[in-house]
Amino acid sequence: MLQGASILLIIGGGIAAYKTLELIRELKKRGCSVRVILTKAGHQFVTPLSIAALSGEKVFDDLFSLTDEVEMGHIQLSRSADLVVVAPATADLMAKMATGQASDLATTALLATDKRVLIAPAMNVRMWQHPATQRNLATLTGDGVAVVGPNAGDMACGEFGPGRMAEPLEIVAAIDALLAGPPAMPAAAALAGRHVLVTSGPTHEPIDPIRYLANRSSGKQGHAIAAAARRAGARVTLISGPVTIPDPAGVETIHVETAQQMLDAVERALPADIAIFAAAVADWRVAAASGEKIKKSGGRTPALALTENPDILATVARHATLRPALVVGFAAETEHLVEHARAKLAAKGCDLIVANDVSLTGSGITGGVMGADRNAVHLVSASGVTSWPTLGKDEVAARLVQHLAGLGAQWA
Ligand code: PMT
């Protein structure tokens, strides 16, 4: 899909801008044409001359250039590409995109484009983790913007953590996946008038007032699904376990802690047309959680007796009167992925299982799927198995919502 593709690359002003020269080289090697908009801040890090030499194209940097407007207006520039890539996407550029500003050529082109946009964020770790940036990120993914990275590691500013721009080859892979897939933006009205229920995140099962059993789910996948369903016009209720990411815009979000609370909230939210269970619900809870902090005493290690939690997915899929027309479960597996997913499809009585490999190495995603930004899923149903390549979680969400909307004839 890269051969012959036309990419509009917007280079922001960050130290990672130097990596975009390599990105241009890799894209050209694969037969893409690359046009570049260089922001004012980007000029501080890379020169138009090196970009032009590598891309073989004139570099655009001025909104009010008479020559550029005569040769190719900024609207045309943003629409003649197959994909718009922003790298590095600085905190400032992300904020401008999220608020729809059009103060220079880059932001104007981003506002005017009718094509998919991929951002490769890069910034200091604290700036990345700041609630304002995370809010902007949620807005952008809610708008259908795809994201690659950032990666964690040593940063140019001397700090450590997430904020390093994805490597050029990772960005090339994300571009390839986006060009290969359907548009992330499901038809705006595909789920209009529908109620979609989504569970997301982990559950916390108390041991005593200060300790709990939990898992590594971040809520990123479930929240992305809720946002994608909202973009497709649905009324969305999201039941979320404890997470640190923001609630998706326009989605009624109910916060719970335990599996039992999640089940209660799900039952209260019914009826729904579609229910998607992406939460990593604890299979067990402590049978008799202590009301007081369990004290360390006499070298004795307390034994924790566990009892099984209710299965929320199976309860809803087998609901006598309020079963949604389409019930979708996830399967988090560390081995025999599709085989276990098929067993869950039957055991839980749902219509579709989205299977993902959550082992730390098996998924091929550094650090595993839980908590990460990317996922590789297999759709398992009675009619067979469809496997998607590794994609950003927002892209998985958009494709899933589009897939479910496409099944409308079967469930409407
Ligand atoms: O949150 P992220 O960091 O983005 O990670 C995403 C994810 C890996 C958590 C997500 O993609 C995923 O796989 N979610 C399901 C995790 C899970 O609990 O899988 P399971 O195989 O144990 O459960 C199967 C299905 O039953 C799931 O739909 C689960 O929500 C549901 N279930 C499980 C137990 C229970 N008591 N009630 C349930 O509803």
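Projected area of the chain, taken from the Cα convex hull and averaged over every viewing direction, in nm²?
22.6 nm²
Residue 295: which lysines have alpha carbons under 26 Å from its alpha carbon, excluding same-chain residues fewer than 8 sequence positions away?
Output for residue 295: empty list, no partners.
Take the solvent-accessible surface of the protein heavy atoms, probe 1.4 Å, and return the percent of it on the range 6-180 that carbon and sulfur atoms account for.
Result for the range 6-180: 56 percent of the exposed heavy-atom area is carbon or sulfur.
Roll a 1.4 Å probe over the protein chains and send me the accessible area per residue for the range 256-333 in Å².
Spelled out: the 1.4 Å probe surface of the range 256-333, per residue, equals 54 Å².
How much accessible area per residue does the range 6-180 have, in Å², with a 1.4 Å probe?
That works out to 42 Å² for each residue.
What is the helix-to-structure angle for 220-231, meaning the angle in degrees between its Cα long axis and the longest Cα principal axis of the chain, kept from 0 to 90 and rounded to the nearest 10?
Between helix and principal axis, roughly 70 degrees.
Would you work out which of 232, 2, 340 lies farthest towards the positive end of the dipole of the chain? Charges go on Cβ: Lys and Arg +1, Asp and Glu -1.
Positive-end residue among those listed: 340.
In whole percent, how big is the carbon plus sulfur part of the accessible area of the range 193-247, probe 1.4 Å, protein atoms only?
51 percent
Sketch the reach of a paramagnetic label on residue 334 as a point 7 Å from Cα along Cα-to-Cβ, and name the residues of the range 358-391 whose backbone nitrogen lies under 17 Å away.
Only 358-372 fall inside the zone, counting backbone N under 17 Å.
Of all GluC sites (Glu not before Pro) in the range 306-412, which ones are in loop regions per DSSP and have a Cβ with at most 16 other Cβ atoms within 10 Å?
In loop regions of the range 306-412 (DSSP not H, G, I, E or B), the sparsely surrounded GluC sites (Glu not before Pro) are 335.
Restricting to bridges with both residues inside the chain, how much of the DSSP beta-bridge set is antiparallel, in percent to the nearest 5?
If we restrict to bridges inside the chain, about 30 percent are antiparallel.
Using Cα atoms only, what is the angle between the long axis of helix 131-142 and the major principal axis of the chain, expressed in degrees (0 to 90) to the nearest 10?
The helix 131-142 is inclined about 90 degrees to the chain.
What does the charge count around residue 158 come to, taking other residues whose C-beta lies under 14 Å from its C-beta (Lys +1, Arg +1, Asp -1, Glu -1)?
Result for the neighbourhood of residue 158: 0.
Over the chain, with a Gaussian network built from C-alpha contacts below 10 Å, which listed residue (102, 234, 280) shows the highest mean-square fluctuation?
Greatest mean-square fluctuation among the candidates belongs to 102.
Once you have the Cα-Cα distance between residue 270 and residue 58, take 0.36 nm times their residue separation minus that, and quote the gain in nm to one decimal.
Between residue 270 and residue 58, full extension yields 70.7 nm more.
Out of the trypsin sites (Lys or Arg not before Pro) in the range 1-99, which ones are loop residues according to DSSP with at most 16 other C-beta atoms within 10 Å?
Details: sites: 19, 25, 28, 29, 30, 35, 40, 58, 79, 96; in loops: 30, 40, 58.
Of the trypsin sites (Lys or Arg not before Pro), the ones in loops of the range 1-99 whose Cβ has at most 16 other Cβ atoms within 10 Å are 30, 40, 58.
Quick one: accessible area per residue over the range 335-412, 1.4 Å probe, rounded to a whole number of Å²? Before the final figure, lay out each step's value.
Working: 3360 Å² over 78 residues.
In whole numbers, the range 335-412 has 43 Å² accessible per residue.
Relative contact order of the range 6-180, please, whole-number percent, based on alpha carbon pairs below 8 angstrom and at least 6 residues apart.
Over the range 6-180, the number comes to 23 percent.
Find the relative contact order for the chain and round it to a whole percent, using C-alpha pairs within less than 8 Å whose residues are 6+ positions apart.
The normalised contact order for the chain reaches 12 percent.
For the chain, what is the charge dipole size about the Cα centre, in debye to the nearest 20, if Lys and Arg each add +1 at the Cβ and Asp and Glu each add -1 at the Cβ?
That gives a dipole near 480 debye.
Where does helix 337-348 land angle-wise versus the long Cα axis of the chain, in degrees 0 to 90, nearest 10?
50 degrees
Can you count the Lys pairs in the range 6-180 whose Cα atoms are under 24 Å apart, with each pair 8 or more apart or on different chains?
The result is 15.
The values are calculated or read from the model by the stated rules, or taken from the named source; none is laboratory data. It should be emphasised that the depicted structure is a prediction, and the values quoted were computed from it without experimental measurement. Cβ: placed from backbone, ideal geometry, glycine included. Neighbour counts: every protein chain shown. These accessible areas exclude ligands, DNA and RNA; they are computed on the full protein's heavy atoms, side chains included. Shrake-Rupley method; radii C 1.70, N 1.55, O 1.52, S 1.80 Å.
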